[in-house]
Amino acid sequence: MQLVFEKRKAVSRRAIVLVPILSFIVSLILTGFLLLAFKANPFRTYMAMFIGAFGSWSNFTETLVKATPLMLTGLGVTIAFKLRFWNIGAEGQLVFGGVAAAWVALFWSPFLPAWSLLPMVMLVGMMAGAVWAGIPALLKTRLNVDETLVTLMMNYIAILFAEGLYYGAWRDPEGYGFPGTKLFPEAAWLPRFSGRAHVGLFIAIGIGLLLWVAMNRTKWGFELNMIGKNKKAARCLGVNVKRNILVALLISGALSGLAGVSEVTAISHRLQQGLTMGYGYTAIIVAWLSQLNPIAGLFVAILMAGLLVGGDQVQMMMGLPAAMGLVLQGMILFPMLAGSLFTEYRIKRIDPRNSRAAESNEELSV
Amino acid sequence: METEKKPILEMRGITKRFPGVVANDHVDLELFPGEVLALLGENGAGKSSLMNVLAGLYRPDEGAIFIRGEKVQIDSPRDARNLGIGMVHQNFMVVDTMTVAENIILGLTEVSMIPDMGKISDRIREISSHYNLKVDPSAYIWQLGVGEQQRVEILKQIYRGAEILILDEPTAVLTPQESEELNNILRQMTSEGKAAIFITHKMEEVIAFSDWVRVLQHGKLVTVKRTSETNPQELARLMVGREVLFRIDKAPAEPKDVILEVENVDANDEKGMPALKGFSLQVRQGEIVGIAGVAGNGQRELTEVITGLHPVLNGSIKINGKDMTNRSPLAIIRSGVSHIPSDRIAMGVVGDMSVANNLVMKGYRRKPITHGGLLDPRRILDFARRMIDSFKIATPTPDTHVKFLSGGNIQKTILAREIDSCGGVLVAAYPSRGLDVGATEAVRNEMVRQRDKGSGVLLVSEDLDELLSVADRIVVMFEGQSMGELSSADAEVEMLGLMMSGVSKKKAEKEYYGSDHATGV
């Protein structure tokens, strides 16, 4: 018996849904071996992670707290990836958005009526994120500079710039040496609704739904799809490729910027160390695992946040490294990339001794 | 044929199949030392795949290769090199950021870990002065022009001991002077008993460069000729083939107002070489104007300057009387131009989107597909079903991704979209290339129908039968210029062939009809 890959006659919708789910299961199994190496029971560990993330309302609100920036950055990355523009700079766009938000919150309040402070903080923060993604987009469309490197490098610029501010110029003089700015005025706080969970969550969900409509039901989304899948044909058919890339990246960056805004205005209420826990990078996993579907992205973000929160939990309860959650996150990508093959191919069993039987043989399809 | 000399290379019954096509169908080839063989054929005739078999890049499905009478198996480019076969590809295989000398020794196993660049450079200088190939071994590739890069490639093959040099369309990128130089190099090489094969689809190069010519058509060898015993017009006819597939029923054209006007347009190709030189053309409503010419003589640039995909340097393009020179592709689409692009997979469709979506790739901008600011999936589907029906597109469902369709149905999808959205001008580049008889007929009939509905159609084709049966007038292009215009009713293939090889209409008429023939066009 022999197994061969055979091209499908059409893209399998079943595979599109099943591959991410199976990838997650495979990653659980693979990480299970790692846990065994740590002499931990994988089942108990996963159970503990699950309870830690979803076991009670207060645990769940913590998961939602972490899901919010993951949703926003994940959606931002989704837009860019739809264009095959490899924006891996969501981290930097988030940080730069947070820095701009802090700037407005800390220094503009004397000049603005209180009610307008928060909207202004959000607006400027989003614009900053947009600028941070717009630079690589401009470099790409004008000079054909590779976006992967530029977005990656700009992460470090933003992160170090922020560090320079909260360690230096903006450091709270009464902060006992703690690396962070002064507390923002309350008018710049994004309201919380339960525990630390805040309205940023609803904004993110709203944007996710809106984005689904925009990507699937508007001319803009149609053009995005065309450009991502065949730039040359899009141009031939009259689509302005360069302008579309620029606009999409401004939106992409704005969403990541908004993630930074909500982190500083709802969670820490100041710009401080630990603004991001790698949300901008996890966003890449969110985008891939959701197959660039914004609504799926919302759920995947919650799952990824659960892994983060659950990872903290197993550290406390079982003495395992908290990084276990991150290991699981990373581990999902490999089966995912391998599995995406099955959307276009299936495995066919062939018996070389009897080629006629092979024709009628059952196909193993995912 | 030659009796006293033994061939240095023989290929017997070479067959190479790819999924769905036979690239080479039992092709034989002989090459004698001291001679240059031209391999002539249209795009897709199987010239390159035959040479890739020889260079060890493809493995033949059938057939045998003999070098100096000995049967050999060539499994890799390294095997080819060890047998003295060197190939200069159309896209040069050089590393920009390395020097000439470094490129020449790149990949050679005989070179020690730390090569003695001084000795290598001396050897390169020795070869280059012997063949009069002016190249500085220490220059970086990026500093060199295209012609110089080609010299590096040739030098590389000689350095590596090539006795049989294969050149894939070597003159496509060269200026006439550089071509002349290349010819001298080849002559020098053959005078020392080396042999060369060069791939081309330009008749005049066959005449200038080669001793023998072999013509391929649809993967089959159709003729072997001594170059001295043939002429461009015979080669043109052999290359294109004479059998007429079918006739298109059409009434005489009734041309009305000029709808497309190209005036003295200059444009460069992607490499920056002049591709259109003062080209002018008029297409009227209700007529089909054919563009004949061997591929690479500016046809692609012509269709792309009209559709706004390629910049015009000088001159103007008017559509419906309005100046549309260098306007955006969208503005030109809006002015009524439809385009069936030459590369249908790369430019005409988005393979990873559905047939339905591909069909609305022009209509999505307006009603009824866009309704209240949103795309209406039901209307998209309705529209798609109608198009699939009336253009007889064979697809399992409207949701099937286009890339799963056959070439003919992909073309029908493009045709349906472009004809439905056509506002008076249809630019069709090689619309029936690679299609089966049925799809070809559908495409040709559709163009005639568009003409009869009053559109102006510009048809670029390499298929002279297509031009003669579909077009009303034929303009012959050569090196970016118009060689003149013939009415298809009384155009002769031989005349077209002559003009395609760069002979102006006047001269061609003199040659073809004798000196006193009055033109009827």
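When the range A:129-161 is examined, which residues are found to be part of a helix (DSSP H, G or I), hydrophobic (A, V, I, L, M, F, W, C) and more than 14 Å from A:E91 (Cβ to Cβ)? Those that are part of a helix (DSSP H, G or I), hydrophobic (A, V, I, L, M, F, W, C) and more than 14 Å from A:E91 (Cβ to Cβ): A:A130, A:V131, A:I135, A:A137, A:L138, A:L139, A:L143, A:L149. Which one of these does A:T181 not meet: (1) within 14 Å of chain B (Cβ to nearest Cβ); (2) open to solvent by less than 30 Å² (accessible area, probe 1.4 Å)? Status for A:T181: all satisfied but (1).
Scanning the range B:338-351 turns up at least one residue that is in contact with a Cys (Cβ under 7 Å, 6 or more places away or on another chain) and more than 9 Å from every other protein chain (Cβ to nearest Cβ).
Please verify whether the range B:82-94 includes one or more residues that are over 21 Å from B:I199 (Cβ atoms), open to solvent by 20 Å² or more (accessible area, probe 1.4 Å) and not small (G, A, S). So far as the range B:82-94 goes, yes, one or more of its residues are over 21 Å from B:I199 (Cβ atoms), open to solvent by 20 Å² or more (accessible area, probe 1.4 Å) and not small (G, A, S). Only one entry of B:S76, B:S128, B:S121 meets the criterion of being free of Cβ contacts under 8 Å to residues at least 24 places away in the same chain, closer than 30 Å to B:L40 by Cα and more than 26 Å from the chain's Cα centre (by Cα), and that entry is B:S76.
Only one residue in B:V283, B:V305 is out of contact with any helix residue (DSSP H, G or I) (no Cβ under 7 Å at 6 or more places or on another chain), crowded, with 21+ Cβ neighbours inside 10 Å and within 14 Å of chain A (Cβ to nearest Cβ), so which one is that?
On the way: B:V283 fails: within 14 Å of chain A (Cβ to nearest Cβ).
None of the others qualify; the one that does is B:V305.
Evaluated against (1) away from every other protein chain (no Cβ under 12 Å); (2) over 20 Å from A:L123 (Cβ atoms); (3) not polar (S, T, N, Q), A:G200 falls short on exactly one condition, (2). When each of B:V27, B:V53 is tested for being of a type in the set (A, V, I, L, M), crowded, with 20+ Cβ neighbours inside 10 Å and not in a strand (DSSP E or B), the lone residue that passes is B:V53.
Restricting B:I14, B:I65 to those that are of a type in the set (V, I, T), modelled with pLDDT of 90 or more, surrounded by fewer than 23 Cβ atoms within 10 Å (Cβ to Cβ) and farther than 30 Å from B:Q299 by Cβ reduces the list to B:I65. Among the conditions (1) surrounded by 13 or more Cβ atoms within 10 Å (Cβ to Cβ); (2) charged (D, E, K, R); (3) out of contact with any helix residue (DSSP H, G or I) (no Cβ under 8 Å at 6 or more places or on another chain), A:E174 misses just one, which is (1). Of all the listed residues (A:A266, A:A254), the sole one being away from chain B (no Cβ under 14 Å), touching a His at 6+ places or on another chain (Cβ under 6 Å) and touching a residue at least 40 places away in the same chain (Cβ under 8 Å) is A:A266. What are the pairs, 6+ residues apart or on separate chains, where a residue within the range A:282-298 that is of a type outside the set (F, W, Y) has its Cβ under 7 Å from a residue that is not in a helix (DSSP H, G or I)? These pairs meet every condition: A:I284/A:I88; A:A296/A:S290; A:G297/A:S290. With respect to B:A442, is the statement that it is under 27 Å from B:S482 (Cβ atoms) and either of a type outside the set (S, T, Y) or free of Cβ contacts under 8 Å to residues at least 40 places away in the same chain (or both) true? Answer is no for this residue.
Only one of A:Y166, A:Y156 is within 22 Å of the chain's Cα centre (by Cα), touching a residue at least 60 places away in the same chain (Cβ under 8 Å), closer than 18 Å to A:M277 by Cα and open to solvent by 10 Å² or more (accessible area, probe 1.4 Å); which?
Numbers: A:Y166 fails: within 22 Å of the chain's Cα centre (by Cα).
On inspection, the qualifying residue turns out to be A:Y156.
Scanning the range B:374-391 for residues that are assigned to a helix (DSSP H, G or I) and either surrounded by 16 or more Cβ atoms within 10 Å (Cβ to Cβ) or of a type in the set (V, I, T) (or both) turns up B:R379, B:I380, B:L381, B:F383, B:A384, B:M387, B:I388.
On inspection, B:G161 qualifies as out of contact with any His (no Cβ under 7 Å at 6 or more places or on another chain), at positive phi and not β-branched (V, I, T).
A:G195 falls short on exactly one of the conditions (1) touching a helix residue (DSSP H, G or I) at 6+ places or on another chain (Cβ under 8 Å); (2) away from chain B (no Cβ under 14 Å); (3) at negative phi; (4) open to solvent by 40 Å² or more (accessible area, probe 1.4 Å), and that condition is (3). Exactly one residue out of B:K277, B:K256, B:K202 is crowded, with 20+ Cβ neighbours inside 10 Å and either more than 24 Å from B:S432 (Cβ to Cβ) or not assigned by TED's automatic domain parsing to the domain that holds B:N326 (or both): that is B:K202. Exactly one residue out of B:V294, B:V350 is part of a loop (DSSP other than H, G, I, E, B) and over 20 Å from the mean Cα position of the chain (by Cα), and it is B:V350. Answer with yes or no whether B:S129 is modelled with pLDDT of 85 or more, touching a helix residue (DSSP H, G or I) at 6+ places or on another chain (Cβ under 6 Å) and farther than 29 Å from B:H201 by Cβ. So B:S129 does not fit the description; no.
For the range A:140-153, the tally of residues that are among the aliphatic types (A, V, I, L, M), open to solvent by less than 90 Å² (accessible area, probe 1.4 Å), free of Cβ contacts under 8 Å to residues at least 60 places away in the same chain and closer than 18 Å to A:V77 by Cα stands at 0.
Could you pull out the residue among A:W220, A:W212 that is more than 8 Å from chain B (Cβ to nearest Cβ) and within 15 Å of A:N293 (Cα to Cα)? Working first, answer last.
Values: A:W220 fails: within 15 Å of A:N293 (Cα to Cα).
Of A:W220, A:W212, the one residue that is more than 8 Å from chain B (Cβ to nearest Cβ) and within 15 Å of A:N293 (Cα to Cα) is A:W212.
Residues of the range B:397-424 that are closer than 26 Å to B:Q285 by Cβ, within 10 Å of chain A (Cβ to nearest Cβ) and free of Cβ contacts under 8 Å to residues at least 40 places away in the same chain: none at all. Go through the residues of the range A:229-251 one by one and say whether even a single one is within 15 Å of the chain's Cα centre (by Cα) and either modelled with pLDDT under 95 or open to solvent by 30 Å² or more (accessible area, probe 1.4 Å) (or both). Yes, the range A:229-251 has at least one match.
Considering B:H339, B:H371, the condition of being in contact with a helix residue (DSSP H, G or I) (Cβ under 9 Å, 6 or more places away or on another chain) and surrounded by fewer than 17 Cβ atoms within 10 Å (Cβ to Cβ) is satisfied by B:H371 alone.
Within the range B:357-391, which residues are away from chain A (no Cβ under 11 Å) and touching a Gly at 6+ places or on another chain (Cβ under 9 Å)?
Of the range B:357-391, the ones away from chain A (no Cβ under 11 Å) are B:359, B:367-368, B:378-379, B:381-391.
Selection gives B:F383 alone.
Among what's in the range A:204-228 and is β-branched (V, I, T) and without any contact (Cβ under 8 Å) to a residue 60 or more places away in the chain, pick the residue that is least open to solvent (accessible area, probe 1.4 Å). Full working, then the answer.
Of all residues in the range A:204-228, those β-branched (V, I, T) come to A:205, A:207, A:213, A:218, A:227.
Filter once more, keeping what is without any contact (Cβ under 8 Å) to a residue 60 or more places away in the chain: A:213, A:218.
Details: A:V213: 58, A:T218: 25 Å².
Top of the filtered list is A:T218.
Residues B:A428, B:A394: which one is within 14 Å of chain A (Cβ to nearest Cβ) and part of a strand (DSSP E or B)? B:A428 is the lone residue from the list that is within 14 Å of chain A (Cβ to nearest Cβ) and part of a strand (DSSP E or B).
The values are calculated or read from the model by the stated rules, or taken from the named source; none is laboratory data. What you see is a predicted model, and the numbers here were worked out from it, not measured in a lab. Note that each Cβ is placed from the backbone with ideal geometry, even for glycine, and that neighbours are counted across all protein chains shown. Note: areas computed on protein heavy atoms with side chains; ligands, DNA, RNA excluded. Shrake-Rupley method; radii C 1.70, N 1.55, O 1.52, S 1.80 Å.
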